[in-house]
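Nothing in this text is a laboratory measurement; each read-out follows from the coordinates by a stated rule. Everything quoted here is computed from the prediction, not taken from an experiment. Positions of Cβ are generated from backbone atoms using ideal geometry, with glycine treated the same way; all protein chains shown enter the neighbour counts.
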Amino acid sequence: MTDDERLKSLAKLREPFADHQIGKLPKPYKKDSPKGNCRECGGYHGLPAMHLDYVGHAALTDRFLDVDPEWSWEPLALDQNGLPAFDSNGGLWIRLTICGMTRLGYGDAEGKRGGNAVKEAIGDALRNAGMRFGAALDLWHKGDLHEAEQARGHEPPPVDVDALLEQTESAPTKSILEDLWRQSAGIVDAKRRAEVRTVIKARADDLDQPQQQALGV
């Protein structure tokens, strides 16, 4: 492969991914946010949350194969059993080679353990190394901006009033209602804020009724 051919092939890595190849990764604003059913992604996680676009392992592998059917990866180091060596943080360093060019990547499973955690770390490392080639770089950029804003203590985006009302109606505990009440403080429109808080109070009363009935009140 000539240098020009290699550059043309590598340039394909930077082409946008189709919508069906992009998933949604929830990022709660707080680590201890109460969990609930998310209307945006359909998952069960801390709310409220921002959703970052990401490309999964399968879609990324498909792109690598389109660019170079002989692409490969290898761990940066091996342990005493000849298996990929994880560092003290539980992360995995790899070398990703595409079209004869090699770049490093790093992945982890965010504290998870077991076989699925190993696969998650490998997939994360491939995405990280692929980003060094320009694959899904725009999606990584959005994620980095989100992390930077959190580090600087930026306030979350405006409150989605409709979503807040929906969460209130299905809130299973008063502790979650308390968190929703705090979130309602971010509603700029005073009338809408009062509306939401009225619904929160009504839901709190509904949760009190079964307990009162059990006590014979």
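Between the Cα long axis of helix 174-184 and the first principal axis of the chain there is an angle of about 80°, rounded to the nearest 10. Remark: spin-label model distance GLU70-GLU178 equals 6.3 nm, labels positioned 7 Å along the Cα→Cβ axis.
Taking 18 Å as the straight-line reach from the Cα of LYS35, the lysines in range (excluding those fewer than 8 positions away in the same chain) are LYS24, LYS27, LYS174. If the cut-off is a Cα-Cα distance under 16 Å, which lysines reach LYS191, setting aside same-chain residues fewer than 8 apart in sequence? The reachable lysines, counting only those whose Cα sits under 16 Å from LYS191, are LYS201. In this label model, ASP4 and HIS20 are separated by 3.6 nm, measuring between points 7 Å along each Cα→Cβ vector.
Placing a pseudo-label 7 Å from each Cα along the Cα-to-Cβ vector at ARG39 and ASP87 gives an inter-label distance of 4.2 nm.
Its Kirkwood hydrodynamic radius, worked out from the mean inverse distance over all distinct Cα pairs, puts the chain at 20.6 Å. Taking only Cα atoms of the stretch 161-214, what ratio of Rg to Rh do you get with Rh as the Kirkwood inverse-distance radius? Using Cα coordinates only, the ratio equals 1.01.
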